[in-house]
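Peer 1: Below: one structure in structure tokens.
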Amino acid sequence: MASCLEFSMERKSGEGECTTLDGTVDFHGRPAIRERSGQWVAGIVILVNQGLATLAFFGVGVNLVLFLTRVLQQDNAEAANNVSKWTGTVYIFSLVGAFLSDSYWGRYKTCVIFQAIFVAGLVLLSIASNMFLLKPKGCGGRTTKCQPDAGWEVWFFYIAIYMIALGNGGYQPNIATFGADQFDEEDTKEGVSKVAFFSYFYLALNLGSLFSNTILGYFEDEGLWALGFWSSTASAFAALVLFLGGTSRYRHFKPSGNPLSRVCQVIVSASKKWKVQLSSGEENLYDADDKDSSMNTGRKMLHTDGFKFLDRAAYISSRDSEDQEKRICNRWRLCPISQVEEVKCILRLLPIWLCTILYSVVFTQMASLFVEQGAAMNCKISNFQIPPASMSSFDILSVALFIFLYRRVLDPIVSRIKKTSSKGLTELQRMGVGLVIAVLAMLAAGIVECYRLKYARKDCTHCEGSSTLSVFWQVPQYALIGASEVFMYVGQLEFFNAQAPDGLKSFGSALCMTSISLGNYVSSLLVTMVMKISTNDHMPGWIPGNLNKGHLDRFYFLLAGLTAMDLMVYITCARWYKNIKVESTSGINGYQVEDEDHHV
């Protein structure tokens, strides 16, 4: 750890202790003292909190498709669509959490509020299942059917699960960014720890879901839904208590105000000056000083080429000069170049973000069609019945394995091959690798389905367990999805956090969540379109209630083809992308830094 003397511009507290360089403060709003706050002490608390919260969330989500088919008696296509819509809504709410965090509440307060909503939703779901939906007692397993429910009971259930969606959705993008806030990227060693945190964060997320996918998944598959949901509630409550327990150790960034108004100001200001002819340099562009900057972290964004028309928002006209002399500050006519660069940064991120949506369509199949496919296979080992949803444990194990292999094996090898100061693959390169592996995962799933149909009884009236092909043939497709997650989602978390402006870090994490959200909606749309087209002329369709009469393999091959096309578009967008440029706060005269080349 660098000492105070090593940084000529490092801030000191009143007692002479080192404070952080990135502008973070403690709970009381004072500059954060390096040795007393943040780092891995706070980071580990947040990682455990994430693991417990994820256990709770997947305790509901991993078997939700089976709850809908067995308890609410929906057919396979309807249940898969409802799960996709619910999961999509979870991540849409991430934008709400990110907006409130970046604008008004800050990440700590936002995490506490949405975790409380999450716990309340789980309590309501547990009560609704135990008292209203599971009738007769013990129904909802593989054999005992539940009685049809009254309309208000179903509505009570949906209110509960969408409260869970709101709570988890608002919490997720903020906890990832809040964890990264505990490491000062202006310090060399803490900067390395900050990059490593995202890998461990995603590992904690997956390890947290391991218990849900195995023990809780088994209980719920046997019809013990109330036990599974109450266990999730207890885990979420423990996560909230643990998070509150670390309050005194956390580092905080102050909220930077409404980002929507800042974006609108740039667009309006540039539109008012659309006739202005700009020179090629930065002449006559307004560069606010620290006190007038829209950023609260002290790091200015530096001028970049591209989206030249937005530079007009920072052009100082004669009227603007008069306003400055009169000390009039009208952001709807003149914006500092750092504010303009915020908008440019968002516009550059959007094409990359759009290319990640189709990957999420592939990812979401694990919670819906993979489970239904597994249920139609031989799930027995001796007399033990394997819950189909528990096969996602192989995805989790694959994530853990590939995080280790990437950080300890692949990363050092690539660094030696590149012979540069950069370490391993860039974030954009890793995301591209994730798309390639996703194509392979869908091909593997399609091939397994072909063989499942080959060994299936076509005349069965109930599809579960109707094929003699072992459910363990699903292991390759789950393992490939896990490998692709390590490259895509970990790279995506690092990329959007590093490339988002300092005042929009939660928004950067929310982009990751929202791509998953839209992926679920696109998946639901694809299933609906495929069923509508494939059921013409009284055909059962590709994804009927009895999978043995359908062609789920064709749907998987369709996703493989669409993902391959998405990869081609992604490579083009990645080559076009230009990195964020910020002014370091640790340089004596302000050092211009630009992240290493992220291009594919």
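The values are calculated or read from the model by the stated rules, or taken from the named source; none is laboratory data. Fair warning: this is a prediction, and the values are worked out from it, not measured in the lab. Methodologically, a virtual Cβ is constructed for each residue, glycine included, from the backbone with ideal geometry; neighbour enumeration extends over all protein chains shown. Heavy atoms of the whole protein, side chains included, go into the accessibility calculation; ligands, DNA and RNA do not. Shrake-Rupley method; radii C 1.70, N 1.55, O 1.52, S 1.80 Å.
Peer 1: Among the listed residues K145, K194, K254, identify the single one that is in contact with a strand residue (DSSP E or B) (Cβ under 7 Å, 6 or more places away or on another chain) and of a type outside the set (D, E).
Peer 2: On the way: K145 fails: in contact with a strand residue (DSSP E or B) (Cβ under 7 Å, 6 or more places away or on another chain); K194 fails: in contact with a strand residue (DSSP E or B) (Cβ under 7 Å, 6 or more places away or on another chain).
Step by step, each of K145, K194, K254 is checked, and only K254 is in contact with a strand residue (DSSP E or B) (Cβ under 7 Å, 6 or more places away or on another chain) and of a type outside the set (D, E).
Peer 1: Out of segment 213-255, which residues are at pLDDT 80 or above, of a type in the set (S, T, N, Q) and crowded, with 19+ Cβ neighbours inside 10 Å?
Peer 2: S231, S232, T233, S235, listed by residue number.
Peer 1: Within segment 370-421, how many residues turn out to be closer than 30 Å to T69 by Cα and either without any contact (Cβ under 8 Å) to a residue 12 or more places away in the chain or aromatic (F, W, Y) (or both)? Quick ask: steps written out before the conclusion?
Peer 2: Keep residues of segment 370-421 that are closer than 30 Å to T69 by Cα, which gives 370-399.
Among the residues that remain, those that are also either without any contact (Cβ under 8 Å) to a residue 12 or more places away in the chain or aromatic (F, W, Y) (or both) are: 370, 381-384, 394.
Of the residues in segment 370-421, 6 are closer than 30 Å to T69 by Cα and either without any contact (Cβ under 8 Å) to a residue 12 or more places away in the chain or aromatic (F, W, Y) (or both).
Peer 1: If you don't mind, there's one more thing I want to ask. Could you check segment 89-138 and list, in sequence order, the residues that are of a type in the set (D, E, K, R) and modelled with pLDDT under 85?
Peer 2: Result: D102, K135, K137.
Peer 1: The conditions are (1) open to solvent by less than 20 Å² (accessible area, probe 1.4 Å); (2) modelled with pLDDT of 80 or more, and K532 fails exactly one of them. Which is it?
Peer 2: (1)
Peer 1: Out of the residues in segment 545-554 that are under 14 Å from A375 (Cα atoms) and assigned to a loop (DSSP other than H, G, I, E, B), which is least open to solvent (accessible area, probe 1.4 Å)?
Peer 2: Pass one, segment 545-554, residues under 14 Å from A375 (Cα atoms): 545-548, 552.
If we keep only those that are assigned to a loop (DSSP other than H, G, I, E, B) as well, we get 545-546.
Numbers: G545: 49, N546: 25 Å².
The extreme case among them is N546.
Peer 1: Follow-up question, since we're still on this one. Collect the residues in segment 581-600 that are open to solvent by less than 20 Å² (accessible area, probe 1.4 Å) and either assigned to a loop (DSSP other than H, G, I, E, B) or at pLDDT 75 or above (or both), keeping them in residue-number order.
Peer 2: Selection gives G587, H598.
Peer 1: Shifting gears a bit: Would you confirm whether any residue within segment 516-538 is free of Cβ contacts under 8 Å to residues at least 40 places away in the same chain and on the phi > 0 side of the Ramachandran plot? Spell out how you get there, then give the answer.
Peer 2: Our first condition is that a residue be free of Cβ contacts under 8 Å to residues at least 40 places away in the same chain; within segment 516-538, this holds for 525, 529-530, 532-538.
Next, from what is left, pick out any that are on the phi > 0 side of the Ramachandran plot: 537-538.
Scanning segment 516-538 turns up at least one residue that is free of Cβ contacts under 8 Å to residues at least 40 places away in the same chain and on the phi > 0 side of the Ramachandran plot.
Peer 1: Can you pull out the residues in segment 490-546 that are among the polar types (S, T, N, Q) and over 19 Å from L428 (Cβ atoms)?
Peer 2: S506, S517, N520, S523, S524, T528, S534, T535, N536, N546, listed by residue number.
Peer 1: A further question on this structure: What number of residues within segment 407-453 are outside any helix (DSSP H, G or I), of a type in the set (V, I, T) and open to solvent by 10 Å² or more (accessible area, probe 1.4 Å)? Spell out the reasoning first.
Peer 2: Keep residues of segment 407-453 that are outside any helix (DSSP H, G or I), which gives 419-426.
From what is left, the residues that are of a type in the set (V, I, T) are 420, 426.
Retained after the next criterion (residues that are open to solvent by 10 Å² or more (accessible area, probe 1.4 Å)): 420.
Residues in segment 407-453 being outside any helix (DSSP H, G or I), of a type in the set (V, I, T) and open to solvent by 10 Å² or more (accessible area, probe 1.4 Å): 1 in total.
Peer 1: Within segment 330-340, can one find any residue that is of a type in the set (S, T, N, Q), at pLDDT below 80 and open to solvent by 20 Å² or more (accessible area, probe 1.4 Å)?
Peer 2: For segment 330-340, residues of a type in the set (S, T, N, Q), at pLDDT below 80 and open to solvent by 20 Å² or more (accessible area, probe 1.4 Å): present.
Peer 1: Would you point out which residue out of S415, S360 is at pLDDT 85 or above and hydroxyl-bearing (S, T, Y)?
Peer 2: Just one listed residue meets the conditions, S360.
Peer 1: I'd like the residue in segment 381-406 that is buried (at least 24 other Cβ atoms within 10 Å of the Cβ) and β-branched (V, I, T) and, out of all such residues, is nearest to T214 (Cα to Cα).
Peer 2: Restricting to residues being buried (at least 24 other Cβ atoms within 10 Å of the Cβ) and β-branched (V, I, T), the top hit is I396.
Peer 1: In segment 69-121, which residues are outside any helix (DSSP H, G or I), open to solvent by 20 Å² or more (accessible area, probe 1.4 Å) and touching a residue at least 24 places away in the same chain (Cβ under 8 Å)?
Peer 2: L72, Q73, D75
Peer 1: Search segment 489-500 for residues being closer than 22 Å to F253 by Cα and either small (G, A, S) or at pLDDT below 80 (or both), and hand back the single one that is most open to solvent (accessible area, probe 1.4 Å).
Peer 2: A498
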